[in-house]
Amino acid sequence: MEAILSAVEEARRTMNERLGGPFGAAITDREGNVIAVSSNRVLGDCDPTAHAEILAIREACRKLRTHDLTGYVMHATGYPCPMCLGAMIWANIEHCYYGASPRDAEAIGFRDEFIYEFIRRGCEDAAVLRLEQIERERCVELFREYHETGKVIY
């Protein structure tokens, strides 16, 4: 409960400073101790990736000096967008509590649904994003080099 309230408070602060939307996030350990709290700073940072969940993940990883948040929990004021869902999965966060639903965000003008629809349709709508493969062999060579030198897989 403390974590979500911290996320709401931080989101309200930066929202009122016109730095971003009504989105806040907190990451806790299994015992509920708050590790990181952040809020949406898309407008203030001029960065479309500066979502609360992303910034909270970055802060927690910096504090814990790891890229792996296995065992940690996300608390967010809104249902995570596709980017934030992906980031949580990459960070190995296995549980996310959220407040407002996607419909609640849509009701005030946020537009995540078209991204979910793009993904559901196989990422083939060029009106949203055109994906085109080039120089595959050169890129696969780079991947092979990484693999052959025993680098960390994450």
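The values are calculated or read from the model by the stated rules, or taken from the named source; none is laboratory data. What you are looking at is a predicted structure, and each value in this text was computed from that prediction instead of being measured. Cβ placement follows ideal geometry from the backbone for every residue including glycine, while neighbour counts extend to all protein chains displayed. Ligands, DNA and RNA are stripped out before the accessible areas are found, and what is left, the full protein with its side chains, is counted by its heavy atoms. Shrake-Rupley method; radii C 1.70, N 1.55, O 1.52, S 1.80 Å.
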Practice item. Any chance you could give the angle, 0 to 90 degrees and rounded to 10, that helix 136-148 forms with the longest Cα principal axis of the chain? Key: 80
**Study point:** Karplus (6.51, -1.76, 1.60) ³J(HN,Hα), θ = phi - 60°, over the stretch 117-126, in Hz, Gly and Pro reported as x
**Key:** 5, 4, 5, 4, 8, x, 6, 10, 8, 5
Point to revise | Semi-axis lengths, Å, the chain, gyration tensor of Cα atoms, sqrt of 5 times eigenvalues | key: 29, 23, 14
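Given a cut-off of under 8 Å on Cα pairs at least six residues apart, what relative contact order in percent is computed for the stretch 1-149? Each step should come with its number before you reach the end.
Working: 239 pairs, mean separation 24.5, N = 149.
Once normalised by length, the contact order is 16 percent.
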Check your understanding: Can you list the HN-Hα couplings for the stretch 74-88, worked out from phi with the Karplus curve (6.51, -1.76, 1.60; θ = phi - 60°), rounded to whole Hz and with x for Gly and Pro?
Key -> 9, 10, 10, 6, x, 4, x, 6, x, 4, 5, 4, x, 5, 5
Study note, to complete from the structure: For the chain, percent of DSSP beta bridges that are antiparallel (nearest 5) comes out at 65
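Write down the accessible area per residue of the chain in Å², having rolled a 1.4 Å probe over the full set of protein chains. Please list the in-between numbers first.
Values: 10720 Å² over 154 residues.
Per residue, the chain has 70 Å² of solvent-accessible surface.
Length gain on complete extension for the stretch THR66 to LEU5, per 0.36 nm per residue less the alpha carbon to alpha carbon distance?
Numbers: separation 61, 0.36 × 61 = 21.96 nm, distance 2.57 nm.
Taking 0.36 nm per residue and subtracting the Cα distance, the gain is 19.4 nm.
Add -39500 (n - 2.57) for each DSSP H run of 4 or more in the chain, then divide by its residues: what number comes out at 222 nm, to the nearest 500 deg cm²/dmol?
Working: 7 runs with 68 residues, N = 154.
After summing the helix terms and dividing by the residues of the chain, the value is -13000 deg cm²/dmol.
Using a cut-off of 13 Å between beta-carbons, work out the net charge of the residues near CYS84 (Lys and Arg +1, Asp and Glu -1, CYS84 not included). Mind dumping the intermediate values first?
Details: positive: ARG58; negative: GLU53, ASP112.
Neighbourhood net charge equals -1.
How would you order 129-136, 76-83, 107-114, 5-12 from highest to lowest mean count of nearby Cβ atoms within 10 Å? Numbers along the way, then the final one.
Details: 129-136: 7.6, 76-83: 20.8, 107-114: 11.5, 5-12: 19.2.
Ranked from most to least packed, the peptides come out as 76-83, 5-12, 107-114, 129-136.
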Revision key, fill the gap. Distance in nm between ASN16 and ILE153 label points, each 7 Å along Cα→Cβ, equals 5.0
Study note, to complete from the structure: With R₀ set to 35 angstrom, the calculated FRET efficiency between the beta-carbons of HIS95 and GLN133, to the nearest 0.05, is 0.50
Study note, to complete from the structure: Of MET1, MET88, MET15, ordered by accessible area with the largest first and a 1.4 Å probe, the sequence is MET1, MET15, MET88
Review point. For the Cα atoms of the chain, what angle does the longest principal axis make with the long axis of helix 2-16, in degrees from 0 to 90, nearest 10?
Key: 90
**Study point:** Carbon plus sulfur fraction of accessible area for the stretch 65-154, probe 1.4 Å, in percent
**Key:** 55
Review point. If amide H atoms are built 1.01 Å from N in the plane of the peptide, which residues on other chains or at least 5 residues away come under 5 Å of the amide H of TYR98?
Key: ALA76
